[in-house]
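Below: one structure, written as structure tokens.
What follows draws every value from the coordinates through simple rules; no lab data is involved. The structure displayed is predicted, hence computed values, not measured ones. Cβ: placed from backbone, ideal geometry, glycine included. Neighbour counts: every protein chain shown.
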Ligand SMILES: Cc1ncc(COP(=O)(O)O)c(C=O)c1O
């Protein structure tokens, strides 16, 4: 085992040197053989297989990798992932992860407090934001006695598609997602929310505030939404997959102000903080709601001191993803967290400033995401495809989301290796492409 790991690390060392010079997207892709060989492979052959995998993969290490919310991974979190696999503990039950179950509860309690959810708040990790959202909404429904009943959900028109998925999982029709229009800044309009709620005839399982929309990074007005929910006795869920990490920083908490008034909240350290995937959590003001909703209980395990991980969410067997989050945060320290947030916001500001004089529609945003399209009507589809290719030819990868029916280009500035040089090249390329 140790010899193999050492060989893998040596091999990775060589690849890591090269990664910053390899473009984000691979050229041609050669798949390794999929079936096991008749006899087991030695370390050298395994490394040859891995070489093909790495050469055909998306490369987050290149400074031009700025298309999505997938930055290069935090180094300590990669080590945490390795140790996690080596320990092979199981977060299903306390006896299979005695320390790690406690570590998860403690760390999530600390994070929940830090985000303002209160002293008794806490939660559970799950494999990605979508599963966390589903966990939160199933809990909201159960806690309000709405299981098996028709119920609806309110969210901004720019909310993430995981809400639609959650409704499907919960057996509710797509129309149960009531989309509230946003204002010009991309934030849900609380007056329209209030009006719509006043006319609602079905039970409302939750109002969702998005703290960082996927395409433009807008943060809904959580304070006014929390006021509305309090007045009407409604469950407030904050989808903080992207933006909630601002609450861990010292200088950007105001961007997600009042987030701590949520009943439930999701956060993805795998995005902006770069903790190796998957790293996501659902936090509740009253975490007992998780066990109330999901405990079956696990009759084949020794009783847990608090509640088994497997009784607190959708997943049963689950890796100890807390290890890489904990180790990653320990490595970053407060200073490192602040630097990551500052750096990304600064790069986004520089890109915005560079693009501002160009004939573009540049929707505003509150975080480290910049999206835009040409102001000339009708040209977005072909222009964005052509321009994305021009950028890719220079090792710069932006994405091409469909926003309100029109293709945009989008840059996420969470990659700490992206420098002013790459941002200037993006601006120059967009400028040249617009004047073709
Ligand atoms: C706002 C928002 N919520 C939820 C999600 C879902 O997260 P995941 O992809 O980890 O399931 C995303 C993903 O980008 C997102 O942007």
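With a point put 7 Å past each Cα toward its Cβ, work out how far residue 350 is from residue 13 in nm, to one decimal.
Spacing of the two 7 Å Cα→Cβ label points: 3.2 nm.
So for the stretch 2-58, Kirkwood radius off the Cα pairs, Stokes-Einstein at 4 °C and 1.567 mPa s: how many µm² s⁻¹?
Numbers: Rh = 12.6 Å.
It diffuses with D of about 103 µm²/s by this estimate.
Where in the stretch 320-345 does the amide nitrogen come within less than 18 Å of the point 7 Å from the Cα of residue 251, taken along Cα to Cβ?
Once the point is set 7 Å along Cα→Cβ of residue 251, 332-345 turn out to lie under 18 Å by backbone N, inside the stretch 320-345.
Once a ≥ b ≥ c are taken as the square roots of the eigenvalues of the Cα gyration tensor of the chain, is the result rounded (a/c under 1.5), prolate (a/b larger than b/c) or oblate (a/b not larger than b/c)?
Working: a/c = 1.79, a/b = 1.05, b/c = 1.70.
Here the chain falls in the oblate category.
If I take R0 = 51 Å and measure r between the Cβ atoms of residue 434 and residue 49 in this structure, what FRET efficiency does the formula 1/(1 + (r/R0)^6) give, to the nearest 0.05?
0.70
Take every Cα-Cα distance within the stretch 340-434, group them into 5 Å bins from 0 onward, and report for each bin the whole-number percent of pairs it holds.
Spelled out bin by bin, the stretch 340-434 gives 2, 14, 27, 27, 19, 8, 2, 0 percent.
Could you tell me, in Å, what Rg and Dmax come out for the Cα atoms of the stretch 196-333?
That works out to 17.0, 50 Å for Rg and Dmax.
Students often get this wrong: which residues of the stretch 160-182 have the backbone nitrogen under 15 Å from the point 7 angstrom along Cα-to-C-beta of residue 201?
It comes to 176, nothing else.
Of all the C-alpha pairs in the stretch 64-123, what % are more than 20 Å from each other?
50
Taking each pair of different alpha-carbon atoms in the stretch 80-329 once, compute 1/r for the pair, average those values, and report the inverse of that mean as the Kirkwood hydrodynamic radius in Å to one decimal.
18.1
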